[in-house]
Amino acid sequence: MPPIVKMDNTLSTLKACKHLALSSNCIEKITGIKGCESLEILSLGRNQIKKLDGVEDVSETLQELWISYNLLTSLRGVEKLSKLRVLYVANNLVAKTPELDVLKECKLLEELLLVGNPIWDELSKPGGPEDFREQIAGRVPWLKKLDGSPLTEEEKTSGAEKVS
């Protein structure tokens, strides 16, 4: 079976679909999910996606976005996902610290996977990976888990001081 290269409007007929798995394909854009009224988990890892445009079509229901191993340079669009609890965005091309600020709008976000992005390397330099964790915890203090490990109260306190 050849890989899927395009998400089209036939996906909108999946009204009762709760988990849509389209990982390991050649998809470049998120489209066609407007009618997915029950979608809670969208799995798009290992594709060719460059932007999060299109996720707003499921903003009222989407709780988990798995989009690791793509070509994302920005997290713009994720702030529209009001029910987002889990964001897996590891091994993309996110490189600039301001990109993390959109996470402040994700008030229900509990788990974030960012490892493997250029920003991880950038923020990890001064004090090691702990500094990166504190930077994230300072921006998203309600976050419970970062890169697979629980955030400590110490990381959250120190992060709040560094980010303010």
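Excluding ligands, DNA and RNA, what is the solvent-accessible area per residue of the range 34-159 at a probe of 1.4 Å, expressed in Å²? Working shown, then result.
Working: 5590 Å² over 126 residues.
Spelled out: the 1.4 Å probe surface of the range 34-159, per residue, equals 44 Å².
Please turn the phi angles of the range 89-104 into ³J(HN,Hα) values with the Karplus equation 6.51 cos²θ - 1.76 cosθ + 1.60 (θ = phi - 60°), one per residue in order, whole Hz, x for glycine and proline.
Result, ordered by residue: 10, 5, 6, 10, 10, 5, 10, 10, 4, x, 4, 6, 5, 5, 5, 4 Hz.
Please build a GNM for the chain, connecting alpha carbons under 10 Å apart, and tell me which residue among LEU11, LEU113, LEU75 fluctuates the most.
LEU11
What is the chain's relative contact order, in percent, from Cα pairs under 8 angstrom and six or more apart in sequence?
Reported relative contact order: 14 percent.
For the chain, what proportion of DSSP beta bridges, expressed in % and rounded to the nearest 5, is antiparallel?
Among the beta bridges of the chain, antiparallel pairing accounts for roughly 10 percent.
Rounded to the nearest 500 deg cm²/dmol, what is the calculated helix-only ellipticity per residue at 222 nm for the chain, with -39500 (n - 2.57) per DSSP H run of length n ≥ 4?
-5000 deg cm²/dmol
Distance cut-off 26 Å, Cα to Cα: go down the list LYS107/LYS145; LYS50/LYS162; LYS51/LYS156; LYS6/LYS107 and report the pairs above it.
On the way: LYS107/LYS145 14 Å; LYS50/LYS162 30 Å; LYS51/LYS156 29 Å; LYS6/LYS107 31 Å.
Correct reply: LYS50/LYS162; LYS51/LYS156; LYS6/LYS107.
Name the most mobile residue of LEU65, LEU109, LEU14, meaning the one with the largest mean-square fluctuation, in a Gaussian network model of the chain with Cα contacts below 10 Å.
Of LEU65, LEU109, LEU14, the most mobile in the Gaussian network model is LEU14.
Computed over the Cα atoms of the range 1-89, what is the convex hull's projected area averaged over all directions, in nm²?
Orientation-averaged projected area of the Cα hull: 4.9 nm².
On the principal axes of its Cα set, how long, how wide and how thick is the range 82-156? Give whole Å, largest value first.
Cα spread of the range 82-156 along its principal axes, largest to smallest: 32, 28, 20 Å.
How large is the dipole of the chain about the Cα centre if only Lys and Arg carry +1 and Asp and Glu carry -1, each at its Cβ, rounded to the nearest 20 debye?
Here the size comes out at about 460 debye.
Dimensions of the range 17-164 along principal axes (Cα, Å, largest first)?
Principal-axis extents of the Cα atoms in the range 17-164, largest first: 43, 25, 23 Å.
With all protein chains present, how much of the accessible area of the range 51-164 (probe radius 1.4 Å) comes from carbon and sulfur, to the nearest whole percent?
In the range 51-164, the share of accessible area belonging to carbon and sulfur is 53 percent.
The values are calculated or read from the model by the stated rules, or taken from the named source; none is laboratory data. Treat the numbers as computed from the prediction; the structure is a model and nothing was measured. Ideal geometry is used to build each Cβ from the backbone, glycine not excepted, and the neighbour counts take in all protein chains shown. Surface areas here come from the heavy atoms of the whole protein model, side chains and all, with no ligands, DNA or RNA. Shrake-Rupley method; radii C 1.70, N 1.55, O 1.52, S 1.80 Å.
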